[in-house]
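The values are calculated or read from the model by the stated rules, or taken from the named source; none is laboratory data. Just so it is clear, the structure is predicted and the values come from calculations on it, not from any experiment. All Cβ positions, glycine included, derive from the backbone under ideal geometry; neighbour counts span all protein chains shown.
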Amino acid sequence: MRLPDLAEKPTYVNRMFARIAPTYDLMNRLMTFGQDQRWRRMLLDLCNLPPHGRLLDVGTGTGDIAASALSRYPNLRSVGADFTYEMMAVGKQRADTQSLPFVQADTLALPFADNTFDAVVSGFLIRNVVDRVAAFREQARVAKPGGRVLCLETAPPDNALLAPLFRLYFFRVAPLVGALISGDRQAYTYLPHSTVDFPSPSALQRVMEAAGLHHVVYHELMLGAVAIHVGTKLDAPSD
């Protein structure tokens, strides 16, 4: 398929997620064999949140990560932000998001003050933004000094034996399942293709460093098909 160019991408992605919002959570569980929940828990483990801390989930979708954080840390102040209203509207109907504030926001211009959050996280967001460095720079801006910016993303598999199997699944099986469950084969054809030119974990590490984050490390999961990156915003220099 022809992927949208940079000018088309924000509108294309927004409309696509609006269409698939009602079945998005179910498709995530099916496509990852339920592993996406475990990955989100691992992401939260790496946040290093303090008591009564603040967390921002960028590209929150239906609020999975932000709601999971609230259930784990009852005293946490968690916020979910997303560009697509329809995704958040579905999220607001979930039982575990009733106390979660949702904010409609552009990833490249977050409506929060500098140095607000102890951790800023995203799950399967960065592959859909037009400027990855700018997205991470904006997330770092709203993180507190010493806070963390974390990214959960798919990664293009480079294992010579496993890569053909992943391609078969992502490019053949996933669109078929997506068409059956969501009725939108186009969306679940775009989503696998969005990983084709996505940076490798080591390259994404450099992207985060270019955005001003430090001590960036990553953890590969699912035989390298998924990675969690963690970067730290340095403490403000003392006068």
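Residue selection: residue 230 fails the criterion of being among the hydrophobic types (A, V, I, L, M, F, W, C) and either more than 15 Å from the chain's Cα centre (by Cα) or over 24 Å from residue 45 (Cβ atoms) (or both). Report yes if residue 34 is under 21 Å from residue 111 (Cα atoms) and out of contact with any His (no Cβ under 8 Å at 6 or more places or on another chain), otherwise no. In short, no. Taking first residues from the range 14-35 that are more than 12 Å from residue 62 (Cβ to Cβ) and partners that are among the aromatic types (Phe, Trp, Tyr) and in a loop (DSSP other than H, G, I, E, B), the Cβ contacts under 7 Å between residues at least 6 apart in sequence or on separate chains come to 14/83.
Scanning the range 60-75 for residues that are surrounded by fewer than 22 Cβ atoms within 10 Å (Cβ to Cβ) and not in a helix (DSSP H, G or I) yields 73, 74, 75. Within the range 81-98, the residues that satisfy the criterion of being of a type in the set (Asp, Glu) and within 23 Å of residue 119 (Cα to Cα) are 82, 96. The selection criterion, being charged (D, E, K, R), surrounded by fewer than 19 Cβ atoms within 10 Å (Cβ to Cβ), under 17 Å from the mean Cα position of the chain (by Cα) and within 30 Å of residue 116 (Cα to Cα), does not hold for residue 57.
Counted as qualifying within the range 101-192 are no helices (runs of 4 or more DSSP H), as none has 3 or more residues that are under 15 Å from residue 212 (Cβ atoms), over 15 Å from the mean Cα position of the chain (by Cα) and at pLDDT below 95.
The residue that is farthest from residue 187 (Cα to Cα), counting only those in the range 11-45 that are surrounded by fewer than 18 Cβ atoms within 10 Å (Cβ to Cβ) and either touching a Pro at 6+ places or on another chain (Cβ under 9 Å) or aliphatic (A, V, I, L, M) (or both), is 42.
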